[in-house]
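In what follows, a single structure is set out as structure tokens and then discussed.
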Amino acid sequence: MLAAAVGMRTHWGKLVEYLNDRGVEETPLQVKLNGVATVVGKIGLSFALLTFIVLIIRFLVEIAIHGKFYNWSSKDTMKLLNYFTIVVTMIVIAVPEGLPLAVTLNLAFAMKSLTSDKALVRHLSACEAMGSASYICLDKTGTVTSNHMVVDKLWISGEVVEMEGTENGDKLKRKISEEVLNLLLQALFQNNASEMVKDIQGKITVLGTPTDSALLEFGLLLGGDFDVQCRLYKKLKTEPFNPVQKKMSVLVSLPNGGQRVFCKGASEIILKMCDKIIDCNGVPVDFLENHAKELNHIINTFASETLRTICIAIKDIDVIPTEANIPDNGYTLIAVVGINDPIRLGVKEVVQTCLAAGVTIAMVTGDSMSIARTIATEC
């Protein structure tokens, strides 16, 4: 890794400098309070001046009636001073000095109340913004869902198998041939960015992204040996997950010579790259129209059950590609995996509470529209 910049020279540092240069902006409530204080102050000043003018006119009329217009005493001077004191008092009282303090105390109590509800507020101004929120955008993975994905269903060799525990893993191994199982395990272990960590007690922990971790755990459930796979196949080139192309590829060398490319990703992307499909005996056959209809039906069925579909494909090549990218056509489809990320407990009740309060909620996700719609309906 090459560190190109650190500290305030990074993009994050420049952003912090930009925010600091702008200074502390007033919150919406502070802007409104300043406006109210200005209006109240102007009204108070106007009435104070009007009162002072009326008192002065009354004083001059009284002096003129008593014939003392050119003969003032010290008492008359004190009256004028008292009138001026009254005006100053009205101006001071008209300015609401205690209003900002009362608002600050109110926000402090609101912050303490939110903390008791497990909502940590870093800035007092956030309390007033939360009270006026009418639209909330939520991330799906980890917020709406539990962020622990598991393989729920699998389509392979024309069979759809539900995966729930080791019993169904043994059932899958009985349904498919050993050649197909080996190809599936290779694809699950080789094209995977997760890692296995063993503690002192021998307990295995999978570290990585939720999708890769779910596929790796699924391979372990089928009885695959991750260490053996890493020793047999040496990785020659890796293309990490591309969020634009929605796929991930890796090139490995086979023990008996030659190279093999493993590719996985979104179903709509991988299916366009495949021209063959693995049959029940592990032999590649042409990808026909009836295969496409069946797969589209399977993918739509998985999506209607809130499952994220991942297609797994392979391609054998003779020489290492010299271009920058791994080939993106001529693949052979192995399986379609349906991964489920269950909804977090309590989400449905929170959504109902927000909708009852008139707050609109939007879920932001990179999944397909059918999956997003199904999860949103369930919430």
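The values are calculated or read from the model by the stated rules, or taken from the named source; none is laboratory data. The structure displayed is predicted, hence computed values, not measured ones. Because the Cβ atoms are built from the backbone with ideal geometry, glycine has one as well, and the counts that use them run over all protein chains shown. Keep in mind that these areas ignore ligands, DNA and RNA; they rest on the heavy atoms of the full protein, side chains included. Shrake-Rupley method; radii C 1.70, N 1.55, O 1.52, S 1.80 Å.
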Inset, instruction - Note down the nm distance, to one decimal, between modelled labels 7 Å out along Cα→Cβ at residue 244 and at residue 147. - result: 2.7
Inset, instruction - Would you kindly state how much longer the chain becomes between residue 17 and residue 99 on full extension, computed as 0.36 nm times their sequence separation minus their alpha carbon distance, in nm to one decimal? - result: 26.3 nm
Inset, instruction - With runs of 4+ DSSP H residues as the only contributors, calculate the mean residue ellipticity of the chain at 222 nm using -39,500 (n - 2.57) per run, divided by the residue total and rounded to the nearest 500. - result: -15500 deg cm²/dmol
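Suppose R0 equals 22 Å; then what is the FRET efficiency for residue 178 and residue 305 from their Cβ-Cβ distance, rounded to the nearest 0.05?
0.15
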Inset, instruction - Quick one: dipole size for the stretch 1-140, taken about the Cα centre, charges +1 on Lys/Arg Cβ and -1 on Asp/Glu Cβ, in debye to the nearest 20. - result: 120
Inset, instruction - Please give the length that would be gained between residue 2 and residue 25 if that part of the chain were fully extended, namely 0.36 nm times their separation in residues minus their C-alpha to C-alpha distance (nm, one decimal). - result: 4.6 nm
Inset, instruction - Report the semi-axes of the equivalent ellipsoid for the stretch 150-340 in whole Å, largest first, where each axis is √(5λ) for an eigenvalue λ of the Cα gyration tensor. - result: 23, 22, 16
Inset, instruction - Please work out the C-alpha center-to-center distance from the stretch 55-83 to the stretch 215-281 and express it in whole Å. - result: 102
Legend entry - Carbon plus sulfur fraction of accessible area for the chain, probe 1.4 Å, in percent: 60
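Just to be sure I follow the definition: excluding the sites themselves, where is the longest run in the chain that has none of the GluC sites (Glu not before Pro) in a DSSP loop with at most 14 other Cβ atoms within 10 Å? Please list the in-between numbers first.
Details: sites that count: 25, 26, 97, 164, 305, 323.
That would be 165-304.
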Inset, instruction - Could you let me know the centre-to-centre spacing of the stretch 95-146 and the stretch 307-379, using Cα atoms, in angstrom? - result: 33
Legend entry - Convex hull volume per residue in cubic angstrom - Cα atoms of the stretch 1-54: 75
Legend entry - Relative contact order (%) - criterion: Cα under 8 Å, at least six apart; region: the stretch 174-315: 22
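Which entries in 32/140; 153/198; 153/272 show an alpha-carbon gap greater than 31 Å?
Too far apart for the 31 Å limit: 32/140.
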Inset, instruction - Tell me which residues come under 5 Å, amide H to amide H, from residue 237 once H is placed; ignore anything under 5 positions away on its chain. - result: 251
Legend entry - Cα pair distances exceeding 23 angstrom across the stretch 135-254, given as percent: 39
Legend entry - Cα-projected label distance for residue 137 with residue 78, points at 7 Å along beta-carbon direction, nm: 7.1
Legend entry - Accessible area expressed per residue, the stretch 215-263, with surrounding protein chains retained (probe 1.4 Å, Å²): 50
Inset, instruction - About the Cα centre of the chain, how large is the charge dipole given +1 on each Lys and Arg Cβ and -1 on each Asp and Glu Cβ? Please answer in debye to the nearest 20. - result: 1640
Inset, instruction - Enumerate the residues in the stretch 133-152 having an amide nitrogen under 13 Å from the point lying 7 Å beyond the Cα of residue 378 toward its Cβ. - result: 141-142, 144-152
Legend entry - Difference of contour (0.36 nm per residue) and Cα-Cα distance, residue 91 to residue 116: 4.8 nm
Legend entry - Entry for Cα extents along the principal axes in Å (calculated from the structure that is shown) out of (i) 84, 48, 41; (ii) 127, 49, 48; (iii) 259, 34, 28: (ii)
